[in-house]
1. Would region 82-167 count as rounded, prolate or oblate if I go by the C-alpha gyration tensor, calling it rounded below 1.5 in a/c and otherwise prolate when a/b exceeds b/c, oblate otherwise?
2. Compute the distance from the alpha-carbon center of region 85-149 to that of region 68-82, in whole Å.
3. With each label point set 7 Å from Cα along the Cα-Cβ vector, what nm distance links residue 65 and residue 99?
4. Could you work out the relative contact order of the chain, using alpha carbon pairs under 8 angstrom and six or more residues apart, expressed as a whole percent?
5. Within region 103-125, what residues put their amide N at less than 18 Å from the label point 7 Å along the Cα-to-Cβ vector of residue 188?
6. Any chance you could list the semi-axes, whole Å, largest first, of the equivalent ellipsoid that the Cα gyration tensor gives for the chain, using √(5λ)?
7. As a check on your grasp of the helix formula, calculate [θ] at 222 nm for the chain: sum -39500 (n - 2.57) over DSSP H runs of n ≥ 4, divide by the residue count, round to the nearest 500.
8. Estimate the FRET efficiency between residue 205 and residue 154 by the formula 1/(1 + (r/R0)^6), using the beta-carbon distance for r and 22 Å for R0, to the nearest 0.05.
C-alpha cells in the first residue's frame, strides 16, 4: 500500500513490477481514479489521495459482466466501419469537423437484439476494419494506435431512436428506449470518441451493481 500523498510508480514501472500489460495498468489506474483513491496530474504523476476502503461504493462491475453472471448470453456484432462526412448541424461535426470514423454494432441478449451503438471517432483512429474489431476490443485498438483515453463522461436519457435503429432492435415506430451518450477524451482534453447507444430496457433493465 502506498502512503497518502505519495506519487505511485510510472506506468512502465508498474508493468514491469506486476508483469502485466500497459492496458491492464491504465485500466487499473482509471478505476482507482474513479473510486477516489488516486489523482492524476499532468506532468506531476499520479498521487495517492485515499488508501483505505472507507467508501462502500468502492467496487463495481461492467454491465455486460453482471448479465453474464446472471446466466444471460451476450453477443456482439459489428456491421459498419467507415469514414463518413458529417452533417454541418450534427454533434459529430461539432466535435470532429467534416469527417470522422463511424462504427456501428449491436449487442444481443440471449439471441435478441438489445443494444445498438454508433461510435464516432477522431479520423486519427482509422482506418479500422470489421476484422480488426472482431479480433479485439475497440479500446484495445485505440491503445495500440496511441489514442489513450483519460476521461469518460456518460449521459443518460429517454428517446425514440431513429427508424434504422428501431428496425435493428426490432421495435415498433415511436417506441421510447434508454439513450446513452459517451464522450471520451485523452489526457490533453482532446475528444477521441463520441458514442450514442440505445438500450431496449423493456427487455432488460440497465444495471449498476455495487458491492458493499
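1. It comes out oblate by the Cα gyration axes.
2. Going from one Cα centre to the other spans 15 Å.
3. The modelled label-to-label distance comes out at 3.8 nm.
4. Worked out over the chain, it gives 18 percent.
5. Within reach of a label on residue 188: 121-125.
6. Ellipsoid semi-axes (Å, largest first): 32, 22, 16.
7. -6500 deg cm²/dmol
8. 0.85
Rule-based calculations on the coordinates, nothing more; no lab input. Model, not experiment: these values are computed from the prediction. For neighbour counting, all protein chains shown are included, and Cβ atoms are generated from backbone atoms with ideal geometry for every residue, glycine included.
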